[in-house]
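Starting off with a structure, shown below.
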Amino acid sequence: MKHGCVIKSPIGNLKIEEEDNYIVEVSFTEEKETQVSSDLLRRCVTEIEEYFRGNRKEFDLPLLLKGTDFQKRVWHALEKIPYGQTRSYQDIAMMIKNPKASRAVGMANHVNPIVILVPCHRVIGKNGKLTGYGGGLDKKKYLLELEGEHHGIFDISEE
């Protein structure tokens, strides 16, 4: 059974959905805040709030990633990027042992169903510039600066 809620965050409202005791979605939304309706959603909201306060560097939630095998490999690679660090699309392609798949890695990032928890915001261009982010480059910049390593160095103009 699916449960969901919408919460406010410093970068806009987030829609969170759980299904069968797994988080299946965290996405940006224009929807209004709603009631948190399950223990797992409450736990997820708490962890996200701790992250935005700077008190959480890793999430400890059961995630169920729904996508193609390739997308899942990319998303699992993203989960290995440490807090406060970035990797390039090429780095992720190398991590999944498909060195020519940089563009496909970018497409998988774009459809990541669980933003923030699966940190697609930590992937940048190989020249160190910020590149596209489904929530907008301003949100990507905010998240990277929140994590501390890159405070104030990013230009949010696309390549």
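No value in this document is a laboratory result; all are computed from the given coordinates. Source: prediction; values computed, not measured. With ideal geometry, Cβ positions are generated from the backbone for all residues, glycine too; neighbour counts draw on all protein chains shown.
Could you work out [θ]222 nm for the chain from helices alone, using -39500 (n - 2.57) per DSSP H run of at least four and dividing by all its residues? Round to the nearest 500 deg cm²/dmol.
Working: 5 runs with 51 residues, N = 159.
Mean residue ellipticity, 222 nm, calculated: -9500 deg cm²/dmol.
Now a separate question. Excluding residues on the same chain fewer than 8 positions from residue 66, give the aspartates and glutamates whose Cα lies under 20 Å from its Cα.
Counting by Cα, and skipping residues close in sequence, residue 66 has these aspartates and glutamates nearby: 17, 18, 19, 20, 25, 79.
Please list, in chain and number order, the residues 5+ apart from residue 124 or on another chain whose amide H is under 5 Å from its amide H, with Hs placed from the backbone.
Sorted by chain and number, the residues that satisfy this are 87, 88, 89.
Straight-line reach from residue 141: which lysines have Cα under 22 Å away, leaving out those fewer than 8 places along the same chain?
Excluding near neighbours in sequence, the set is 8, 15, 57, 80, 126, 129.
Tell me the label-point distance for the pair residue 38, residue 66, using the 7 Å Cα-to-Cβ offset, in nm and rounded to one decimal.
My value for the distance between the label points is 1.2 nm.
Over all alpha-carbon pairs in the chain, figure out the percentage whose distance exceeds 21 Å.
Taking all Cα-Cα pairs of the chain, the fraction more than 21 Å apart is 44 percent.
Return the single residue from 68, 29, 86 with maximal mean-square fluctuation; model: Gaussian network over the chain, springs between Cα atoms under 10 Å.
68
Spelling out what I want: for every residue of the stretch 14-29, take phi, set θ = phi - 60°, compute 6.51 cos²θ - 1.76 cosθ + 1.60 (Karplus), and round to whole Hz; glycine and proline get x.
10, 8, 10, 10, 10, 9, 6, 6, 10, 6, 10, 7, 9, 9, 6, 8
Using the charge dipole of the stretch 69-146 (Lys, Arg: +1 at Cβ; Asp, Glu: -1 at Cβ; taken about the Cα centre), state which of 144, 128, 82 has its Cα farthest towards the positive end.
Farthest along the dipole direction, towards plus: 128.
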